[in-house]
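A.B. asks: Attaching a single structure in structure tokens format; questions to follow.
Just so it is clear, none of the values below were taken in a lab; they were calculated from the coordinates. The structure presented is a predicted model; accordingly, all values stated were derived computationally and were not measured.
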């Protein structure tokens, strides 16, 4: 007797995608809190759980506008106006980093 596994495939794909996204979000969360903990060890080190709860609460509050009926408009505004400036800052930081490490005399274009 064989068991047909085709009905299980969509749920397994959803579970694996959910797990992957959860792991990425957990890594980002720990990265931010660890950075604050390293920068302010006297404040964050003693109250790490409270800082985690505060950070997750702030993320939840800031994401609430995207879950309303007008959420697609908020996301569209963020895509239209926030991504361009962020990309410009990233490109500027990349140029400064390359110039810092290689120096202006080594870069010959």
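A.B. asks: Given the rule -39500 (n - 2.57) for each run of at least 4 DSSP H residues, summed and divided by the residues of the chain, what is its mean residue ellipticity at 222 nm, to the nearest 500 deg cm²/dmol?
C.D. replies: Working: 5 runs with 78 residues, N = 109.
After summing the helix terms and dividing by the residues of the chain, the value is -23500 deg cm²/dmol.
A.B. asks: Sticking with this one: Quick check: residue separation of residue 82 and residue 18 times 0.36 nm, minus the Cα distance between them. What number comes out in nm?
C.D. replies: 20.4 nm
A.B. asks: How large is the convex hull of the Cα atoms of the chain per residue, expressed in Å³ as a whole number? Intermediate results must be reported in sequence, preceding the final value.
C.D. replies: On the way: hull volume 28.6 nm³, N = 109.
For the chain, the hull spanned by Cα atoms encloses 262 Å³ per residue.
A.B. asks: Can I ask one more? Give the span of the range 9-67's Cα atoms along each principal axis, as three whole-Å numbers ordered largest to smallest.
C.D. replies: 49, 25, 14
A.B. asks: Once the principal axes of the Cα atoms of the range 69-109 are found, what is the range along each, listed largest first in whole angstroms?
C.D. replies: Sorted largest first, the three principal extents are 54, 16, 8 Å.
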